[in-house]
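**Q** Quick one: this structure, given as structure tokens, is what I'll be asking you about.
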Amino acid sequence: MTAFWTVILLIISNIFMTFAWYGQLKLSELHINDNWPLILIILSSWGIALFEYSFMVPANRMGSDINGGPFNLMELKVLQEVISLSVFTIIVATVFRGQPIEWNHLVAFFFLILAVIFVFWK
């Protein structure tokens, strides 16, 4: 059950992370933050990132075998990266509709899945 909750927390964390990093681009696309100074954009991203860390840190603590969780650090990191790119792709496809997903992106995902398989291979 710890693995399940680790993955759920990583998904939630990566949703916040994606909006912290790329949400300001959507606001630019909508001309909402056109006149904002860069420092305000940075601070708003940090505000969103606070929520990211509020889920990422517990996920890593819970999931790490250092604290009795099911994943070693390499497994935890590869899992996080695949979740990050999966969440990013879903958000790009739904929020940033003008950004196409090309065949080479799908091939890259295939290799990421292979990375997960190899990292968990015993």
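**Q** Expressed in nm to one decimal, what extension gain is obtained for the pair residue 61 and residue 102 from 0.36 nm per residue of sequence separation less their Cα-Cα distance?
**A** Details: separation 41, 0.36 × 41 = 14.76 nm, distance 3.56 nm.
In short, 11.2 nm is gained.
**Q** Kindly provide the GluC sites (Glu not before Pro) of the stretch 15-122 that DSSP labels as loop, not H, G, I, E or B, and whose Cβ sees at most 14 other Cβ atoms within 10 Å. Intermediate results must be reported in sequence, preceding the final value.
**A** Details: sites: 29, 52, 75, 81, 102; in loops: 102.
Hits after loop and neighbour filter: 102.
**Q** Still on this structure, please answer the following. If each residue of separation counts as 0.36 nm, what is the full-extension length gain between residue 74 and residue 116 once their alpha-carbon separation is subtracted?
**A** Stretched fully, the residue 74-residue 116 segment lengthens by 14.1 nm.
**Q** Grab the other residues whose beta carbon is less than 14 angstrom from that of residue 65, score K and R as +1, D and E as -1, and report the net.
**A** Details: positive: 61, 77, 122; negative: 75.
Residues near residue 65 contribute +2 overall.
**Q** At 7 Å along Cα-to-Cβ for each site, give me the label-to-label distance between residue 43 and residue 94 in nm.
**A** Simple spin-label model gives 3.1 nm for this pair.
Read-outs: derived from the displayed coordinates by stated rules, not from any lab. These numbers were taken from a predicted model, which means no experiment stands behind them. Cβ sites come from the backbone with ideal geometry, for glycine too, and all protein chains shown count toward neighbours.
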